[in-house]
Each structure stands twice: as structure tokens, then as C-alpha cells.
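The values are calculated or read from the model by the stated rules, or taken from the named source; none is laboratory data. Here the structure is a predicted model, which means the values were calculated and not measured. Cβ sites come from the backbone with ideal geometry, for glycine too, and all protein chains shown count toward neighbours.
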Amino acid sequence: MKFTQFIILLGISTYLVSCGTMQTYEGTQLSSESTALIKSNFSNPFNYSVIKEIDGVELGADQINAEVLPGEHTLKINVSTRVGLRNYMGSKIVIVITDIGHIYKVHGEIKKGETWVWVTDESTGNIVAGEKYLDVVESHDKSSSDFSLKSVDGIIKAYEGPPLPAEQVAIIEPNYGSFTDSAYVKVIDGKKLGVLQIYNKIGVIPGEHTVDIYMSTGLGIHQARGRITLSFGAQAGHIYKVYGKIRKGEPWAWIIDASSDEIVAGKKP
């Protein structure tokens, strides 16, 4: 990289350091012992993560940190990663639960065209929300999956024993039908799917099932992601389609019984 390009990036980083903090609650400012602080991360001029919105409210042009009350908060984080002469930008939604007196820092990176964000508690260094690229790849590769790769007909077999006839199982189907909205299952009944398995249909035995649904909305810099856990009762021979959207910073997910178009879990925005 040219020296002048580095100076420009360093200047951006220096500017961000001088920016302020937004008070996200009403009334007079409380002491740090009564609130929590969520900080943007610009320690690396080649890879920085900035809080764009919190709980649906956009931070001001001169604000990069957020002082919040303890509890659950939804963050929209913008990420910029520079590789050589190219600059990659992305955005993602993450939900974090804060504690009184704690300081949190957002992190992000763009790997293989996908935006990854996570939040750490500075007092422990532990990740409290979101996920890192390496963590997901290492925990969701084929060898670590809790299921066999696929049954003969290309459906993930999420039950024990030999494959059952179609009329004896229910099928859960991901939604990749839109360039701007997609939804898929990463965890079912506490068991995780491998990276390559989330694109497949999932076969389950009839009964109650709990699924972690991951959804994304938008493209490129405007892309946002989220996760919701839903439970539903599956019937043999039925196909259940998974849907998800991000609307105004909030994740939504629902499951439809394809035979009746009835929503059996979750709700639409």
C-alpha cells in the first residue's frame, strides 16, 4: 500500500477516536455504575467496525459509542475491511445483553464475501454476542456436524436409525428464493448442521422440534443478518418452509406448512 493511502486511513482512524458517545435513554445522564457502554472498534485502520444503529436509532455523525441501560439491545454494525488495494464493506445486525458497569466492544471482518460481527466484554475478553468467522468454520465443518451428510435423496437425516419413507417424516425446507431475503436452519433440537448442510432440506420425525433460524436481508453494504429460535409441531408427510427478514433492524422468522400455507411458528413483520 502507498504511504499516502496509509496516512488517509490513519487520519480516518484518528477522526473516529475523537468522536463521542450517544446517550440512548431518556432523562439526565446516569453514572457509569448504572449503565453499560458499547464501543465501536477502530484500533486497526485496515479493519474497523462502527456502530451504525442501536435499537433502531441511528447514531449521529460525531457519535461512535453508545451508553445504554442494562438489558437487551439490537446493534447494526458497519464493517470495513481493506485487502491490498480493495476495500470491502458490509453491515450486520447483532443482539447483545448488557450488564451494569460493563464495557463492550464490537468487532467485525469480511471473509469470502460474508460479513461477520461479534461483541466482546472488555472485562473478560469473552464473546457475548455474534460469531467469528473462524469459530463458525471450525464448529460447523463436515467433521463436526451432528448429522450424516445427507440421505440417499439429498435430505439431511435429523433422526436416528435407517432412512424412513417420505410419508413417515416431515421435511424442513430453507428459503433461498430471493436475492434480498433468505432464511435457513443452522441448529435443530440442539444439534448443529455443517456449513454445506444448511442449503439442504432436513428430514425429521413427527413431533415437537426447535430450530435456530438465521436470516439475511439486503445485499452488499446494506445487508443485515439475524437469528431467531422457533419451536413447532411437525406432522408426517408435511413440508415446512422457513422464512426470515430483517425489518427496521429487527429480525423476523416464521415457518409455513406448505400444504395449507398456515403459519405454524413465528410471525411475519
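Please go through the stretch 165-191 and give me each residue that is assigned to a strand (DSSP E or B), farther than 17 Å from Gly233 by Cβ and at pLDDT 80 or above, ordered by number.
If the condition is that a residue be assigned to a strand (DSSP E or B), farther than 17 Å from Gly233 by Cβ and at pLDDT 80 or above, then Asn175, Ala183, Tyr184, Lys186, Val187, Lys191 are the ones that fit.
Taking the options Glu53, Glu26, name whichever one is of a type in the set (Asp, Glu) and in a strand (DSSP E or B).
Glu53
Do any residues in the stretch 117-128 that are acidic (Asp, Glu) and modelled with pLDDT of 85 or more have Cβ atoms under 6 Å from those of residues that are part of a strand (DSSP E or B) and crowded, with 19+ Cβ neighbours inside 10 Å, where the two are at least six apart or on different chains, and which pairs are they?
These pairs meet every condition: Asp121/Tyr104.
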